[in-house]
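Colleague: Have a look at this one.
Each reported figure results from applying straightforward, stated rules to the coordinates on display, with no laboratory input. On a predicted model such as this, the values are computed, not experimentally measured, just so you know. Because the Cβ atoms are built from the backbone with ideal geometry, glycine has one as well, and the counts that use them run over all protein chains shown.
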Amino acid sequence: MLLSSPSIPWTTSSSSFTSMPYATGADLPPELLSRILYFLTPPDTCRVRASYSFELSWNEYRSLKRGLAAPSLVCNHWSEATRPLLFSRLQLISAEDVRMLRNVVDSPRFRTSSLSDAIQLVSIYQETASTKPAWLHHVHWLTSRLQETLFNCYVKSPTDGSSPVTCSIRCPGCPPSSLRLTALALVKLRFASATELALLVDSFPSLQHFACNQLTFIDPSPVIQSRRSPRMSLWSLIECQVSQCEAIPLFAKAALASDVLSIATRVGLDADIWDAVLHALLALAPGTFQDARVNIQVANVTLAPSMDDTISRLGIYIYADIGVPQMTAGQGVGPPSAVIDYIYPQLSLTDAQAMESLHFDAFRTIVDAPLFDRLHFQSDTLDSLECDAFKAILRSVLQGTQLDWALKSDKLKFEFPDPQGFRVLNSQGILSLQASSEHTIDDVTITLDAAEQVEWIIRDGQGESDEYLGELVDKRAS
C-alpha cells in the first residue's frame, strides 16, 4: 500500500553539510517555504472526473512521491504541506491496507486535517483465489465516508494460475450499491454466462468504466437484456472494454461491450440498427484486431489489435463516433425511436494497399436511411497512419472505386486540419474534382492523377497549392 514512505532516491555527502546549522521549515520565512513548496509539489488534481485523468502520470506521481516522503518524516512544516500530495492516490492490496486507511479516516483529527480533501483516487487490487479470503466488502465503509474520492477496483485470478478462476466479488453483508466504484477491471476470471457478467456490472450503479480482460464464459450466449434491471438506463456506466478474450471472436467482443453497456436501449436505437453499425465497422477490421471498446458518453466504438494501441490515439485502430440526435436519445423507456444522424470513422492502419480495398458496402443501408446526414471521414493530423488511411480512402473515392453511392447521395464528407482549424471537403467539392483534374500554374496546365489530387487538396488547405503545382511542373519537366 502506498501509505508507507519509500526511501529518498538520492544521496549526498554528509561532509558537505558539516558547517551548516540544523534547520527545519519553522526556521524559514513562511513566504520562502511557500515558494519552495510551490515548485516542488505541483498539484495532482483530477482534470476530468468522468475519466479520472490526472495532471501527473502514474510514473511522475510515484517519482515525486518518493522524493517528498522522507523529508516529511523529519519536518512538521514539510509534512503538513506535502501530506495532501502524498495521499492523493492510494493503493489497497490487502485487508490490512483497508484497516490502516480506515483508521486514518476514522480518526477525530481527519475531518479538520489537510487530508480530508486530499484523497482523490483509491485503487483496489484483489486477487481471487480459493486459498485467499475475500476482503473487498471491507471497502464499502471507505466508499461511504470518502464521498469525493474515486474508487477503482482491479480483480484478477492468481498470476500463476493455469486456468481462469470463477468470479465471486460480491460484497456479503452490504448492499452492492454501497460499494461506490468508478472503474472496475476483471482479469482472467470465468463466468457462467455473459448475462451473469452484465448483472454483476448492474450491481454497481455508480460504475463509469468497465474493462474485462482474458475472461471466459461457460455459456457463450449473448446477454439476456430482459433479466437486467429496468433502471439500467439511469446507471452511470459510460464505457465498456473487452480485451484479450481469445476464445471470443471480435464481433462477439464488440457485441458483448455493447450489451453490457446496453447502448442501443439507452440511446433509444433499435438493436438491429446498432448491430448494423458494428457489422459495418468490423468489415473494415484486419484479422489481427482483437480488442473492442464501446463508449456511450459520445457514442463511439474503438477496434484495435490491443487497447494499448489506442493510448493517445497512436498505433493502429478503427475508431468511429456515431451521432444520435439528443432530442430522441437517452429515453431509456418505450419503443426505440432514435436514428443515426452521422458516422465519423477514423482509421489508422499500416497496410496502405489494403486501405484502398476496404469494404464499405456494409455502410450503405445505414447511409441510405432518409434521416442519415453524413458519412464523415476525418484525420486529426497530417503526419500519421491515420492521415495515410484518410488519403487512401479519399483517393479511392476520386478514382470512383469506393463509396460512389454515398457521394452521389450527397452524404460524404472529408475533414482534415488546416491553419485555421479544420477544412471540410463535401460531396459537391469531390464531384467537381472528379469532373476536372486539370490545374493551371504560371500559364502552364497540368493534369493530376488521383494521388496528386489528394495531395493538392491537403496542400491547398495549408495555403501551399500553387507551390505544390510548381513542384509537379518542375518534376515533369526534368
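Colleague: Could you check the simple spin-label distance between ILE224 and ASP275, using points 7 Å along Cα→Cβ, in nm with one decimal?
Modeller: Computed distance between label sites ILE224 and ASP275 equals 1.8 nm.
Colleague: What does the charge count near ALA406 come to, summing +1 for each Lys or Arg and -1 for each Asp or Glu among other residues with Cβ under 13 Å from its Cβ?
Modeller: Here the charged neighbours net out to 0.
Colleague: Once label points are set 7 Å from the Cα along Cα→Cβ at both ARG145 and ARG476, what is their separation, rounded to one decimal in nm?
Modeller: Inter-label distance under the simple model: 7.8 nm.
Colleague: At a 10 angstrom cut-off on C-beta neighbours, averaged per residue, how do the peptides 181-190, 90-99 rank from highest to lowest?
Modeller: 181-190, 90-99
Colleague: Could you sort 467-477, 192-202 so that the peptide with the highest average Cβ count within 10 Å comes first and the rest follow in order? Don't jump to the answer; show the numbers that get you there.
Modeller: Working: 467-477: 13.5, 192-202: 19.5.
Going from most to least packed, we get 192-202, 467-477.
Colleague: Please enumerate, by chain and number, the lysines with C-alpha under 20 Å from the C-alpha of LYS156, excluding those fewer than 8 residues away in the same chain.
Modeller: Partners within reach: LYS132, LYS188, LYS253.
Colleague: Using 0.36 nm per residue of separation minus the Cα-Cα distance, give me the extension gain between ALA70 and LEU371 in nm, one decimal.
Modeller: 102.0 nm
Colleague: Tabulate in residue order the Karplus-calculated ³J(HN,Hα) for the range 384-391, using 6.51 cos²θ - 1.76 cosθ + 1.60 with θ = phi - 60°, rounded to whole Hz; enter x for Gly and Pro.
Modeller: 6, 4, 4, 5, 4, 5, 4, 5
Colleague: Taking a cut-off of 13 Å, what percent of all Cα-Cα pairs in the range 203-273 are separated by more than that?
Modeller: On the way: 1678 of 2485 pairs.
Beyond 13 Å sits 68 percent of the P(r) for the range 203-273.
Colleague: Straight-line reach from LYS408: which lysines have Cα under 29 Å away, leaving out those fewer than 8 places along the same chain?
Modeller: Candidates past the 8-residue exclusion: LYS391.
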